Amino acid sequence: MAANFNDLGQLMKLAQNIDMKQLANLSEKVNLEELIGMVSSMDERTLAQMTNFMRKQKRAKNGDGRELPPVTGDFFDLRSTFSDEQRAVQDTVRDFMETHVQPIANEYWQKDTFPRHLIDEMRKLHILPKIFHADGTRTHDAAVMEGIVTMEMARIDVSTATFFGVHGGLALWSMVMAGTEEQKQEWLPKMLNLDVIGAFGLTEPKVGSAISQGMRTTCRREGDTWVLNGEKKWIGNATFADMIIIWARDEDTDEVRGFLVRPENPGYHVDKIENKIALRMVENGHVTLTDCAVPESDHLSAMNGWSTVAEILRQTRAGVAWQGVGCAMGAYEHSARYARKRKQFGRPIGAFQLIQDKLVFMLGNVTAMQTMCLRLAEMQDAGTMRDEHASLAKVFTAARCRDTVALARDLHGGNGILLEHDVARFFCDTEAIYSYEGTNEINSLVVGRAITGQSAFV
Ligand code: FAD
């Protein structure tokens, strides 16, 4: 059947849908009368062939022919809720990560080494003073600010976020919570300015999750010196840190005490842990303390036994939840870009329903994680966050991050296992997020106890 517009009603209806501006543009390029005459004389088969050909031409040129939406892992516009200062910090960190870290992340991950020169670059950003004041008190929006910084770092590279979290979270919080006024005055300004780098030594080779009950590293006082014996495993930054916070059990009182150990202290030794498959850019140390002598002046004596350590972990656990957010965000954004670029069967893979389903699932995860962590940070800043809140966020984000990076790896096909496509690094690094700062099981038990009133740890 030839195209026929004799029916006036049908013609009027069609005319309503015509974009007159486009038609005017077209009339400058072709003779419209001639074109209409030609098309209307075509039989149905030729017409179908021609429209099919034109559709294919459009797709080949630019996906489905429409302007592509921007790739953003901030679908619910969290940024619009940030203050001007928070936005400025977000921009600064994003720029730093994209300029200085993205180009070298895979190289150093492969080398199994932390790029020390990044510390000088990071110092110029003055991030930590936006979170802690020089006396150790926190700024009014410290947790939200810390969350934004961590998310932006992990969005490009989780190792960098971990370096920052160990120094600016675990070690700094230890000084704030356990240090005396003199110790804080001496160390906090240097720590805030990254002039000295800290590490945090709690986990031991034989005791991880049960460290609150089974710490084997000991300390005993001999005059003005403390003598430490034991081992600490997995200690991030320990291979190059200027100060390592070591937690040990008092041989006399059984109380947990904190010490600032310097690498030059006699009896202190650190070996780098090799052959990790996650966070390879972070240098984790295996620390051995053999009659390690620490002066009383480096004893962090303003603490209250294990409850101080638990409080430090409660605060920093929230930061690890933000690492999961950033990591999933980065994996999603890489995937959304790849889905537009990669073509199979003559079309971008993003045009396939099953690929879109994966992207939707990933973006749903990212958005749920972001909104949960933002609310958690607000509670942290308001002083209403409890253990179970931080633990729920850690459990939820680590698990959703694992799902998200697995989909990202899958969506990249074979390229998903190549380091140069970045998602392989996110995929591996997530395994560390899943296990540190309390494994998923331990954090689940914390939440389970809050729900039921029953402790199921042992
Ligand atoms: P284990 O405690 O031996 O656990 C093994 C398994 O048993 C886990 O699945 C665990 O969930 C499960 N499990 C244990 N108890 C229970 C229970 N009651 N019920 C159910 N399941 C249970 N530590 C530091 O002190 N400083 C650091 O800087 C540091 N950085 C780290 C960096 C990386 C990359 C990694 C991997 C770890 C780091 N850690 C650090 C240590 C980390 O906190 C521990 O790995 C973690 O607490 C788990 O301890 P574990 O590895 O000994 O596992």
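Bear in mind these aren't lab numbers, they're just calculated from the coordinates by the rules spelled out. Bear in mind the structure is a predicted one, so any value in this text is a computation, not a measurement. Glycine also receives a Cβ, built like all others from the backbone with ideal geometry; neighbour counts cover every protein chain displayed.
A few comments on the model shown:
- Subset of 130/232; 232/272; 130/184; 184/272; 111/233; 111/272 violating a 23 Å alpha-carbon distance limit: 130/232; 184/272
- Inter-label distance, nm, simple model (7 Å from Cα along the C-beta direction), residue 250/residue 139: 3.7 nm
- If the Kirkwood radius is taken over C-alpha pairs of the stretch 157-212, then at 37 °C and 0.692 mPa s the Stokes-Einstein diffusion coefficient equals 265 µm²/s.
- Its Kirkwood hydrodynamic radius, worked out from the mean inverse distance over all distinct Cα pairs, puts the stretch 71-228 at 17.7 Å.
- Principal-axis tilt of helix 44-62 within the chain, Cα atoms, nearest 10 degrees: 30 degrees
- Axis of helix 84-96 versus longest Cα principal axis of the chain: the two differ by about 90°, to the nearest ten degrees.
- Helix content alone sets the calculated 222 nm mean residue ellipticity of the chain: runs of n ≥ 4 DSSP H residues at -39500 (n - 2.57) each, divided across all residues, give -16500 deg cm²/dmol.
- Extended-chain gain in nm, criterion 0.36 nm per residue less alpha-carbon gap, residue 42 and residue 441: 136.8 nm
- Stretchable slack from residue 360 to residue 87, in nm (0.36 nm times residue separation minus alpha-carbon distance): 95.6 nm
- With the highest mean first, a sort of the peptides 398-409, 132-143 on other beta-carbon atoms found within 10 angstrom per residue produces 398-409, 132-143.
- Expressed as a whole percent, the proportion of Cα-Cα pairs in the chain lying more than 41 Å apart is 30%.
- Calculated FRET efficiency for the pair residue 95/residue 206, C-beta based, R₀ 30 Å, to 0.05: 0.10
- One chain, two ends: residue 20 and residue 420. Fully extended at 0.36 nm per residue, the span grows by 139.3 nm beyond their Cα-Cα distance.
- Other residues with beta-carbon under 13 Å from the beta-carbon of residue 218 carry, at +1 per Lys or Arg and -1 per Asp or Glu, a net charge of -3.
- Volume per residue of the C-alpha convex hull in the stretch 200-300, rounded to whole Å³: 91 Å³
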